[in-house]
Amino acid sequence: MSNNQYKFKGKYIIKANLRCKTGLHIGGTEVGFEIGGLDNPVIKDPITGYPYIPGSSLKGKMRSLLEWAKNRVQIKEIREKGIPTGKWKGEVCNCGSCEICMVFGASADTKGQKEPTRLIIRDSFPSKDTIQKWQEYLGENIYTEVKTENAIDRLTSAANPRQIERVPADSVFEVEMIYDIYKDDDVDKLKIIFEGMMLLEDSALGGGGSRGSGKVVFENIRITKRGIGYYTKDESEEEIPLKDGSGNPFKDLKSIYQNFDKIFKQKP
């Protein structure tokens, strides 16, 4: 594929609020060696002390869910000197040419054509209302809760308690995704982002998902389009209407997904 098939055409900026329906745990630096330290602290901004969601965590989870949904994970038995071991490992896609690799990126050792990565996901920080709520209900400089779990020995019934730090339920983080357009059909591939967001809502973000943590939902989704003229000719950005034919806003991700072709019929 020749390089002249790529031409920067603009960007779509997707913003949303990510609301924690249950406590959220995304691990940070271990502090368990300190007196009273937690076994599993959450990641925090070193300046403000506020918990945040790394862009890599959100992007990696969405990609993983999409790879399973689109059958891009291969499970292979591990062999030693050609002999099956009865152990298995998973291999994720790194072809460089499927829509997942094009949108989310492929590593440097891909065997296929390595295209420009389309999707950037910023680190997500708490909203001002959430910070105020933490200070009001948790106290000054307290932004998290501590969940105590017990690992039970199924033979002896002995309990092994552990403490996990979590961002409290109903906390809201501000999400920003940037999607670059290099080819005409890149707009069509934008749809996979909404697929990943829907899959995430019915999965879990961060650790402890199978034990109740990490249920999230995307709210207040906004999309703007910035053509090449926004960066070179001082043109304005264009807000993408997320409304039906009657002018009513789409209520959820599923509605946006189902009306994708109508929403994005204008390409930058």
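Observations on the model:
- Rounded to 10°, Cα long-axis angle of helix 55-69 versus longest principal axis of the chain: 80
- Percent accessible area from carbon and sulfur atoms, the chain, protein chains only, probe 1.4 Å: 47
- Net charge in the neighbourhood of Asp123 (other residues with Cβ under 13 Å of its Cβ; Lys, Arg +1, Asp, Glu -1) is 0.
- Overall, the chain carries a charge dipole of about 880 debye about its Cα centre when +1 sits on the Cβ of Lys and Arg and -1 on the Cβ of Asp and Glu, all other atoms neutral.
- Percent of C-alpha pairs per 5 Å bin, the range 162-268, short to long: 2, 9, 17, 20, 16, 13, 10, 6, 4, 2, 1, 0
- Here's the picture: a label point sits 7 Å out from the Cα of Lys89 along the beta-carbon direction, and within the range 51-73 the residues with their amide nitrogen under 16 Å of it are 73.
- Rounded to 10°, Cα long-axis angle of helix 191-201 versus longest principal axis of the chain: 20
- If only the Cβ of Lys and Arg carry +1 and only the Cβ of Asp and Glu carry -1, the dipole of the range 221-268 around its Cα centre is close to 180 debye.
- Ordering Leu199, Ser157, Gly96 by Cα displacement along the dipole of the chain toward the positive end leaves Gly96 in first place; charges were set at the Cβ atoms of Lys, Arg (+1) and Asp, Glu (-1).
- Degrees separating the helix 128-137 axis from the principal Cα axis of the chain, which is the longest one: 20
The values are calculated or read from the model by the stated rules, or taken from the named source; none is laboratory data. Bear in mind that the values here come from a model prediction, so they are computed numbers and not experimental data. Cβ sites come from the backbone with ideal geometry, for glycine too, and all protein chains shown count toward neighbours. Surface areas here come from the heavy atoms of the whole protein model, side chains and all, with no ligands, DNA or RNA. Shrake-Rupley method; radii C 1.70, N 1.55, O 1.52, S 1.80 Å.
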